[in-house]
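The values are calculated or read from the model by the stated rules, or taken from the named source; none is laboratory data. Because the structure is predicted, anything quoted here is derived from the model rather than measured. Here the Cβ is made from the backbone with ideal geometry for all residues, glycine too, and neighbour counts use every protein chain on show. Protein only, heavy atoms only, side chains kept; ligands, DNA and RNA dropped before computing areas. Shrake-Rupley method; radii C 1.70, N 1.55, O 1.52, S 1.80 Å.
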Amino acid sequence: MKKNSRTVCSVFAALALSALVRADLPVTFNLQVDQAGVALQFDVTSDSPLESIGMPKFEGATDHNVRSATIESGAHRFVVYSQSGTPIAASGEVSVTFNPSLLPGDGVISLINITASDAEGAVVSASPNALPVLTQEMRTHQSLELGDSIAMEAVVYDLDGSVTSVQLFNGNDEVDSSDTDPFAIAWTPDSTGAFSLSLVATDNLSQQSIFDLGVHRAFTDNEIVDYDSFASIHFGSTPADTAFDADPLDNGLENGMAYLLGLNPYSPNYDRLPRSRIEKTGDDTVLVLSFIRRSNATGVDWDARKASNLVDFEALDSPQIIENDRQDGTHLVELRIPLEPESEESTFIELEVNQS
């Protein structure tokens with residue numbers, strides 16, 4: 001089935017790309033509990049209300065009930081107890097996960113008043129530690145042009161303590177590390193190909209979190225010979241991401257249009273995006289929409305239409321489309337639409353890219 005990708009530009013509008021925003025990501029605590037413990041209590045302190053911390057989920061625990069309340073001190077108390085009187089964690093460790101809507105930062109919450117008891121009511125040992133959390137959502141696949149670097153800083157926080165070091169790995173090889181805030185790390189691939197990156201963060205209690213950063217595909221532009229190679233290099237093999245009319249990065253730029261314009265979706269060259277201007281020569285006024293496209297956009301064709309109401313689009317006349325070969329694998333395209341200076345009508349231009 002023929003698919004298309006469209007964008008509509010007004011006299012003053014052009015494509016805008018949005019920045020990545022942080023999603024609420026889970027925070028995991030490891031609670032070491034004596035193997036005889038059947039009940040556990042701990043308080044979470046924070047300047048944020050209880051609902052911003054959320055209810056915890058437990059892994060490694062037997063059947064249990066969870067109760068919570070804000071106590072007089074302002075702390076948020078959680079009580080976990082076995083429904084059957086059996087140990088909460090036969091392994092001696094319970095993983096507790098929250099999904100808080102808190103601003104990231106070291107030490108924004110604290111775990112205090114940790115108490116555990118056995119079936120007879122006697123106190124047994126228990127101790128907590130919140131593992132470092134990655135505060136920037138990572139994709140499973142992304143790309144970078146050969147010669148560019150992957151650079152990160154301040155992407156890991158320890159919400160109940162502090163991060164002491166981060167290490168960046170390519171496979172099993174450490175490629176960079178830092179033990180100084182803001183823990184800036186970087187890596188520049190020296191060849192094309194797919195690289196599996198991971199990040200190891202260590203906190204002030206010597207506990208570690210290991211984060212899978214996904215596949216980073218280093219490429220050169222001459223590897224992109226058709227749409228399929230474009231989609232594979234930038235987005236891997238996920239159908240929802242590689243579809244011609246998909247917008248995997250939620251930035252308003254569909255894949256088909258990015259391919260036509262010769263853009264790397266992760267670091268687009270803004271000079272290639274459609275932009276408009278008004279030219280006046282004597283009594284003539286012309287709306288000019290210009291953009292840069294691939295010279296050899298194999299497997300696709302494109303057209304342009306105009307309208308005054310975003311509904312009744314009509315094709316542009318051939319003389320209104322001017323293309324110049326820049327001799328670098330791209331064409332400069334200008335769409336020139338005469339305007340009536342006294343008219344109050346709006347003018348919109350629709351670009352459509354179709355798989356052929």
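With contributions of -39500 (n - 2.57) from each DSSP H run of at least four residues, the per-residue ellipticity at 222 nm computed over the chain stands at -1500 deg cm²/dmol. As a ratio to 2.2 N^0.38 Å, the alpha-carbon radius of gyration for the stretch 68-165 is 1.51. Solvent-accessible area per residue in the chain equals 50 Å², computed with a 1.4 angstrom probe and all protein chains kept.
Test of understanding: what is the full-extension gain from E120 to D173, defined as 0.36 nm times their sequence separation minus their Cα-Cα distance? Intermediate results must be reported in sequence, preceding the final value.
Working: separation 53, 0.36 × 53 = 19.08 nm, distance 5.02 nm.
Fully extending the segment from E120 to D173 adds 14.1 nm.
For the stretch 197-277, what does the convex hull of the Cα positions come to per residue, in cubic angstrom?
Value for the stretch 197-277: 143 Å³ per residue.
In the stretch 173-276, the portion of solvent-accessible area held by carbon and sulfur atoms comes to 43 percent [1.4 Å probe, whole percent, DNA, RNA and ligands not counted]. Rounded to the nearest 20, the Cβ-based charge dipole of the chain about its Cα centre (Lys and Arg +1, Asp and Glu -1) stands at 360 debye. DSSP beta bridges confined to the stretch 89-236 are antiparallel in about 85 percent of cases.
Under the criterion of Cα pairs below 8 Å and six or more residues apart, the relative contact order for the stretch 197-269 equals 16 percent. Measuring max minus min along each principal axis, the C-alpha atoms of the stretch 286-356 give extents of 41, 24, 16 Å (largest first). For the listed peptides 162-171, 227-236, 81-90, a ranking on the average number of other beta carbons within 10 Å per residue, highest first, reads 227-236, 162-171, 81-90. Which net charge results for the neighbourhood of S110, defined as the other residues with beta-carbon distances under 11 angstrom from its beta-carbon, given Lys and Arg at +1 and Asp and Glu at -1? Summing Lys/Arg as +1 and Asp/Glu as -1 gives -3.
Taking every pair of alpha-carbon atoms in the chain, give the share separated by more than 26 Å as a whole percent. So the pairs more than 26 Å apart make up 63 percent of the total in the chain.
The length gained by stretching the chain between D312 and E153 to full extension, at 0.36 nm per residue less their Cα-Cα distance, is 52.4 nm.
Between E137 and N296, the contour length at 0.36 nm per residue exceeds the alpha carbon distance by 53.8 nm.
Could you tell me the calculated FRET efficiency between S198 and D228, based on Cβ-Cβ distance and R0 = 30 angstrom, to the nearest 0.05?
Computed FRET efficiency for S198 and D228 comes out at 0.60.
Please work out the FRET efficiency for the pair Y270 and T45, using the Cβ-Cβ distance as r and a Förster radius of 45 Å; give the result to the nearest 0.05. The value I calculate is 0.50.
Placing pseudo-labels 7 Å out from each Cα toward the beta carbon at T70 and S162 gives an inter-label distance of 3.0 nm.
Calculated on the alpha-carbon coordinates, the convex hull of the stretch 82-221 measures out at 143 cubic angstrom per residue.
Summing charges over neighbours of A89, with a neighbour being any other residue whose Cβ is under 15 Å away from its Cβ, gives -4 when K and R count +1 and D and E count -1. Label separation (D181 vs S346): 4.8 nm, computed from points 7 Å beyond Cα along the C-beta direction.
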